[in-house]
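Heads up: the structure comes next, in structure tokens.
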Amino acid sequence: MVHIVIDGYNYINRINASSVQKGASMDLLRRDFLEKCARYKKAKPTRVTVVFDAYDTVSPGRHSENVRGIEVIYSREGETADDVIIGWIRKRPAGLIVVSSDRAIIDEAKAKGIAFLTPVKLAGMMATPTFEAKEDDYEEDRHPKKGNPRKLPKKLRKVVKAIDKL
């Protein structure tokens with residue numbers, strides 16, 4: 001089964017940058033985002049986990065809750081959402097797709113062969129329920145490659161297959 005893990009505040013800040021700058025309630029933006037995730041999950045049967053930083057609270061451990069079928073995890077004190085997501089990437093579970101624009105997370109996902117999307121691409125997928133993934137929609141390294149230039153590298157073909165299942 002496909003498991004989408006989303007860096008929650010990274011997504012909110014990338015997609016709702018103007019609302020955040022205008023001082024919109026982060027709680028309202030978070031609830032709106034979770035509602036979009038729930039609608040997407042209903043249309044596409046996938047496991048969705050959203051990870052938020054819990055830096056404003058004094059919590060000795062991770063806190064999790066279920067919001068309309070979406071697993072929501074808040075990191076513990078002194079831990080960031082990036083730390084939680086990178087931990088999952090290092091375990092390399094089957095079907096994992098990571099959503100973040102954070103360079104450390106993307107680099108770790110590339111190194112481990114884990115599929116990833118940027119928040120903008122996920123927002124497009126959530127807005128268009130009949131989204132059909134195409135090979136040119138995915139991130140590629142900017143280094144010159146050897147081999148057939150018309151064929152994606154094996155790792156990226158694997159990523160495309162995983163995302164096509166969405």
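The values are calculated or read from the model by the stated rules, or taken from the named source; none is laboratory data. Remember, predicted model here, so these are calculated numbers, not experimental data. Here the Cβ is made from the backbone with ideal geometry for all residues, glycine too, and neighbour counts use every protein chain on show.
Go through region 67-78 residue by residue and tally those that are within 14 Å of TYR9 (Cα to Cα) and touching a residue at least 24 places away in the same chain (Cβ under 8 Å). The total comes to 3.
For (1) on the phi < 0 side of the Ramachandran plot; (2) surrounded by 15 or more Cβ atoms within 10 Å (Cβ to Cβ); (3) part of a strand (DSSP E or B); (4) not hydroxyl-bearing (Ser, Thr, Tyr), each residue gets a yes or a no:
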| residue | (1), (2), (3), (4) |
| --- | --- |
| LYS42 | yes, no, no, yes |
| VAL50 | yes, yes, yes, yes |
| GLY61 | yes, no, no, yes |
| GLU65 | yes, no, yes, yes |
| VAL72 | yes, yes, yes, yes |
| GLU77 | yes, no, no, yes |
| VAL84 | yes, yes, no, yes |
| TRP88 | yes, yes, no, yes |
| ALA94 | yes, no, no, yes |
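Restricting attention to region 98-107 and to residues that are of a type in the set (A, V, I, L, M) and buried (at least 22 other Cβ atoms within 10 Å of the Cβ), the residue that is nearest to the chain's Cα centre (by Cα) turns out to be VAL99.
In the condition set (1) part of a loop (DSSP other than H, G, I, E, B); (2) at pLDDT 90 or above; (3) over 23 Å from ILE163 (Cα atoms); (4) not β-branched (Val, Ile, Thr), SER101 is compliant with all but (3).
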